[in-house]
1. Can you tell which of F36, F2 is within 24 Å of V99 (Cβ to Cβ), touching a Lys or Arg at 6+ places or on another chain (Cβ under 7 Å), surrounded by 17 or more Cβ atoms within 10 Å (Cβ to Cβ) and not acidic (D, E)?
2. What are the residue pairs meeting all of these: first residue in segment 18-32, first residue in contact (Cβ under 8 Å) with a residue 60 or more places away in the chain, second residue not in a helix (DSSP H, G or I), Cβ atoms under 6 Å, and 6 or more apart or on different chains?
3. Which residue out of R79, R69, R94 is more than 13 Å from the chain's Cα centre (by Cα) and not in a loop (DSSP other than H, G, I, E, B)?
4. Of all residues being loosely packed, with under 13 Cβ neighbours inside 10 Å and at pLDDT 95 or above in segment 43-75, which is nearest to K89 (Cα to Cα)? Just the residue, please.
5. Go through (1) surrounded by 11 or more Cβ atoms within 10 Å (Cβ to Cβ); (2) free of Cβ contacts under 8 Å to residues at least 60 places away in the same chain; (3) closer than 15 Å to I10 by Cα and name the single condition W86 misses.
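The values are calculated or read from the model by the stated rules, or taken from the named source; none is laboratory data. Please read all numbers here as calculations on a predicted model, not as lab measurements. Counting neighbours? That spans all protein chains shown, and the Cβs are built from the backbone with ideal geometry, glycine included.
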Amino acid sequence: MFIYNVTVKIESSIHEPWVLWMKNIHIPAVMATNCFTHYQFVQLLDTDDTDGLTYAVQYYAESKANYSRYIELHAASLREESFKAWGNKFIAFRSLMQVVN
C-alpha cells in the first residue's frame, strides 16, 4: 500500500471555505480518478498557527502504478484548480510513502 500525503498550510482568512471546498469538491475529484482506494483528511495539532492552519490529506493507493497514473494524468489539472480557487493563500508539500508491515 502506498500513501500519497499532501500537507497544506492555509491562511486563516480562508480556513472555513477551504475546508468545505476540500470536503465537497477537491477530495471527491481526486477520489473520482479511481487511483486511490480511500483517504484521510486531518488537521495537524500542536503546530505554530501564526501563519495559518495546517492540514494533511492522505490518499491510499494499492500500487505505485495507481499513484503514478494519478500524477501523470490528473495531478496537474487538480493542482491548477486549487490555484484558481485559492491563489497564493496556501502552500502544499507532497510526499509518497509506503506502508511497512
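1. Being within 24 Å of V99 (Cβ to Cβ), touching a Lys or Arg at 6+ places or on another chain (Cβ under 7 Å), surrounded by 17 or more Cβ atoms within 10 Å (Cβ to Cβ) and not acidic (D, E) holds for just one of F36, F2, which is F2.
2. Close Cβ pairs (under 6 Å, with a partner that is not in a helix (DSSP H, G or I)) amount to W18/I10.
3. The match here is R69.
4. Q43
5. (2)
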